[in-house]
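Derivation of every value follows stated rules applied to the coordinates shown; laboratory data play no part. Keep in mind that what you see is a predicted model, and the values were worked out from it rather than measured. Neighbour counts run over all protein chains shown; Cβ positions are idealised from the backbone, glycine included.
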């Protein structure tokens with residue numbers, strides 16, 4: 001009871017602290033409170049109807065089903081890619097593109113090492129073939145060059161324009177996939193690729 005009361009009080013104070021200094025409109029605070037209240041009501045209703053623990057079991061089942069599909073991870077990649085552009089645009093001011101890439105690479109190295117340690121997915125370097133090493137090195141070089149160009153573009157151009165043109169990589173991958181990797185795209189797939197290309201060019205020109 002005390003925990004619930006403290007949570008409600010803290011939520012109210014946080015909302016008020018964002019409204020009074022003029023950081024957000026009052027409607028933003030009210031909207032956040034309403035969304036939180038609706039979530040609480042939904043959870044309590046599920047618990048009372050299906051029994052204790054039903055909400056947690058349902059959420060666990062939903063998350064397990066979502067994380068087992070590739071669209072979930074693709075969408076998550078798109079979200080983080082968008083954050084990369086936004087944070088990069090803000091942080092690249094006053095920093096050279098090469099040095100910004102170095103800092104970002106160090107952070108990625110730490111995150112990747114933590115993920116390998118956390119998931120215990122480390123494997124012996126001797127178990128990796130020469131062909132895999134070659135293409136991983138080439139991929140790394142291409143990634144580094146891409147980041148250098150990306151940050152250089154962000155220094156002088158708008159984030160929306162840079163990201164939209166950068167997404168032409170989807171078109172390049174589709175063409176290379178068909179011509180080199182032997183993949184196939186249906187007419188609907190090619191239409192989607194053409195729309196991505198057209199949208200990227202239009203946004204780039206408008207920016």
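Odds and ends about this structure:
- Approximate shape of the stretch 133-173 as ellipsoid semi-axes (Cα gyration tensor, √5λ), whole Å, largest first: 23, 13, 4
- Overall form of the stretch 70-206 per C-alpha gyration tensor (a/c, 1.5; a/b vs b/c): oblate
- Ordering 154, 181 by the number of other Cβ atoms within 10 Å of each residue's own Cβ, fewest first, gives 181, 154.
- Taking the fewest neighbouring Cβ atoms within 10 Å as the starting point, the ordered list for 203, 173, 107, 163 is 107, 173, 203, 163.
- Pairwise FRET efficiency - residue 86 versus residue 112, Cβ, R0 = 22 Å, nearest 0.05: 0.55
- Mean Cβ neighbour count within 10 Å, used as a protection proxy, ranking 91-98, 75-82 highest first: 91-98, 75-82
- Each of 104, 184 was scored by other Cβ atoms within 10 Å of its Cβ. Listed from fewest to most, they are 184, 104.
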